[in-house]
Amino acid sequence: MKKKVYPYIPNSEPEVQKEMLRFIGVDSIDDLISDIPEEVRMKGEMKLPEPFEAEADLFRHVNGILNKNKTAEELRCFLGAGCYNRYVPAVVDEVVGRSEFLTAYAGEPYEDHGRFQALFEYQSMMAELLDYDVCNVPNYDGAQAAGTALRMATRIAKRDEVLIPKNINPDMLKSIKTYLEPDVKVTYVDYGKNSGRICMDSLREKLTDKVAAVLVMNPNFFGVIEEHAQEIADLAHAKGALMVALVEPSTLGVLTPPSRYGADMACGDIQPLGIHMNYGGGVAGFIAMNDDHERIEEYPSRLFGIAPTDGGEWGFGDVLWERTSFANRDGAKEFVGTHSALWGIAAGVYLAAMGPQGMKDLGEAVLQRQVCLRKMLSGIKGLCVDKFSGTPFEEFVVDFSGSGKSVSEINKKLLEKGILGGYDMSKAFPELGQCALFCVTEKTTASDMKALAEALTEILG
């Protein structure tokens, strides 16, 4: 059988492959995978189309595949659950697309063209937003930031157990568990079935002097504000544990910053701060705390600082470089990547463009839209917007259990009407029945909300 040659797949030409194999001293590609058991090897050819020899034909084929997708720009989007349809100011894309940043987001001072200063400014603005002294150069995403923060807490407290509430983002929880287990014990705290907030009785029962940290998502996955966060921090501190707040940073223009309710560390994802939604990307995590040298030593990620130079100017560079895996490959606390640093610059541009007043206006606009949507949906027969008594912010739970229809069925019918419905909670939280998590952002318009209300009225009969 004649082997297919794809001009756009490197080294698929048989003669090129032969030359490469001859150079490295093996007879076939199979020799390179001889240690892989035969029974797990793929048999037969991959299901690929016939090779396109003309670039224009290939472009048309790939474009046809991409055109099958529908984005949040084309649909009325009410889906959040950790990735948000936010407006990205044009200046953000303009700045991060510049070659000084796009091609030099990692590396050393000799190739730096303002990147160190840009990331220092990002850290400074994030620290101000969160009301802490120190914030890191972004790590991979919010889930890794939470896992890393809890790991840091176990080293600081010299204990190996953490408490995590059950009202946390289920996708983030999977990543956090992977990050912590098996040497860090994870104990779960219940949430109140009526309030949606952390159950204080469950917390008191499980908070012992063996616990290193208590994680609090605020607002939690149900969109509910954890109004007892200060009490939770006080209980944790009384047992010698730390409190780690997992926060959505765009809410902090109006919500109390985590340092003000006793959180020793704050973590989360900066995607809502001027970063487009991407499939598999567009996320980056942050960890913030106050200036305590012993605790800062536990940071695995890069920190940029400012210092005067011999020439009388300001210089920007790494702080405590020896902490990182770049300097200490064998004994590093964690390994740190660089791909998310560019998103830190994006978030920095966003925060600089918005300013304190802009962040306040943003939070108020989102809160007003959430209240408006809940009011519009509250009169529709077959659904309930008061599943939890706790105060929601940008997301809230809608219960469809009384409609006789599943969330999956409802979302399919909404999609037919050009509406991206809420996150289906029935798998991750089966105890809630047929519930969906609906989200509003500053991009949610009155016509979007009216269209959703009318569609649900029709779907639910």
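Observations on the model:
- Boolean, Leu180 is within 17 Å of Leu242 (Cα to Cα), free of Cβ contacts under 8 Å to residues at least 60 places away in the same chain and in contact with a strand residue (DSSP E or B) (Cβ under 8 Å, 6 or more places away or on another chain): yes
- Scanning the range 128-152 for residues that are open to solvent by 20 Å² or more (accessible area, probe 1.4 Å) and closer than 16 Å to Met217 by Cα yields one hit, Asp141.
- Count of residues meeting criterion [open to solvent by 40 Å² or more (accessible area, probe 1.4 Å), farther than 24 Å from Asp264 by Cα and part of a strand (DSSP E or B)] in the range 307-324: 4
- Screening the candidates Arg159, Arg115, Arg155 for the property of being touching a residue at least 12 places away in the same chain (Cβ under 8 Å) and crowded, with 22+ Cβ neighbours inside 10 Å yields one hit, Arg115.
- Residues of the range 220-265 that turn out to be open to solvent by 20 Å² or more (accessible area, probe 1.4 Å), over 24 Å from Val349 (Cβ atoms) and touching a Gly at 6+ places or on another chain (Cβ under 6 Å), as a count: 1
- Criterion violated by Glu364 - all others in (1) part of a loop (DSSP other than H, G, I, E, B); (2) open to solvent by 60 Å² or more (accessible area, probe 1.4 Å) satisfied: (1)
- Residue match in the range 45-59 (condition: touching a residue at least 24 places away in the same chain (Cβ under 8 Å), open to solvent by 80 Å² or more (accessible area, probe 1.4 Å) and closer than 30 Å to Ala455 by Cα): no
- Restricted to strands (runs of 3 or more DSSP E) entirely inside the range 157-267, no element has at least 1 residues that are modelled with pLDDT under 95 and under 17 Å from the mean Cα position of the chain (by Cα).
- Between Gly253, Gly240, the distinction of being assigned by TED's automatic domain parsing to the domain that holds Asn136 and within 24 Å of Val92 (Cα to Cα) belongs to Gly253 only.
- When residues of the range 407-455 are limited to those that are part of a helix (DSSP H, G or I) and among the hydroxyl-bearing types (Ser, Thr, Tyr), the one surrounded by the most Cβ atoms within 10 Å (Cβ to Cβ): Ser408
- Looking across the range 344-374, the residues that are under 14 Å from Met125 (Cα atoms) and out of contact with any Leu (no Cβ under 8 Å at 6 or more places or on another chain) come down to Val349, Ala352, Ala353, Gly355, Pro356, Gln357, Gly358.
- Flag for Asn278 being within 13 Å of the chain's Cα centre (by Cα), open to solvent by 50 Å² or more (accessible area, probe 1.4 Å) and free of Cβ contacts under 8 Å to residues at least 40 places away in the same chain: yes
- Evaluation of Pro89 against the conditions (1) touching a Phe, Trp or Tyr at 6+ places or on another chain (Cβ under 7 Å); (2) open to solvent by less than 60 Å² (accessible area, probe 1.4 Å); (3) more than 30 Å from Gly285 (Cβ to Cβ) shows that the sole unmet condition is (3).
- Asn67 vs. criteria more than 21 Å from Leu351 (Cα to Cα) and not acidic (Asp, Glu): yes
- So Met217, is it surrounded by 15 or more Cβ atoms within 10 Å (Cβ to Cβ) and within 19 Å of Asn139 (Cβ to Cβ): yes
- Scope the range 120-140; condition outside any loop (DSSP other than H, G, I, E, B) and among the aromatic types (Phe, Trp, Tyr); matching residues: Phe120, Tyr122
- Only one of the numbered conditions (1) within 23 Å of Ser447 (Cα to Cα); (2) open to solvent by less than 70 Å² (accessible area, probe 1.4 Å); (3) without any contact (Cβ under 8 Å) to a residue 60 or more places away in the chain is not met by Pro392, and that is (3).
- If you filter the range 3-42 down to residues that are surrounded by fewer than 11 Cβ atoms within 10 Å (Cβ to Cβ), over 37 Å from the mean Cα position of the chain (by Cα) and among the β-branched types (Val, Ile, Thr), you find that the one that is nearest to Ala54 (Cα to Cα) is Ile29.
- Qualifying positions in the range 68-116 - in contact with a helix residue (DSSP H, G or I) (Cβ under 7 Å, 6 or more places away or on another chain), at pLDDT below 90 and part of a loop (DSSP other than H, G, I, E, B): Ala104, Tyr105, Ala106, His113, Gly114
- Lone qualifier among Ala143, Ala153, Ala149 - being within 18 Å of the chain's Cα centre (by Cα), part of a helix (DSSP H, G or I) and more than 26 Å from Lys427 (Cα to Cα): Ala149
The rows are residues; the columns are (1) assigned to a strand (DSSP E or B); (2) open to solvent by less than 10 Å² (accessible area, probe 1.4 Å).
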{"position": "Gln271", "(1), (2)": "no, yes"}
{"position": "Ala288", "(1), (2)": "yes, yes"}
{"position": "Phe326", "(1), (2)": "no, no"}
{"position": "Asp330", "(1), (2)": "no, no"}
{"position": "Val336", "(1), (2)": "no, no"}
{"position": "Gly348", "(1), (2)": "no, yes"}
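The values are calculated or read from the model by the stated rules, or taken from the named source; none is laboratory data. Model, not experiment: these values are computed from the prediction. Here the Cβ is made from the backbone with ideal geometry for all residues, glycine too, and neighbour counts use every protein chain on show. Remember, those area values only see protein heavy atoms, side chains included, never the ligands or the DNA or RNA. Shrake-Rupley method; radii C 1.70, N 1.55, O 1.52, S 1.80 Å.
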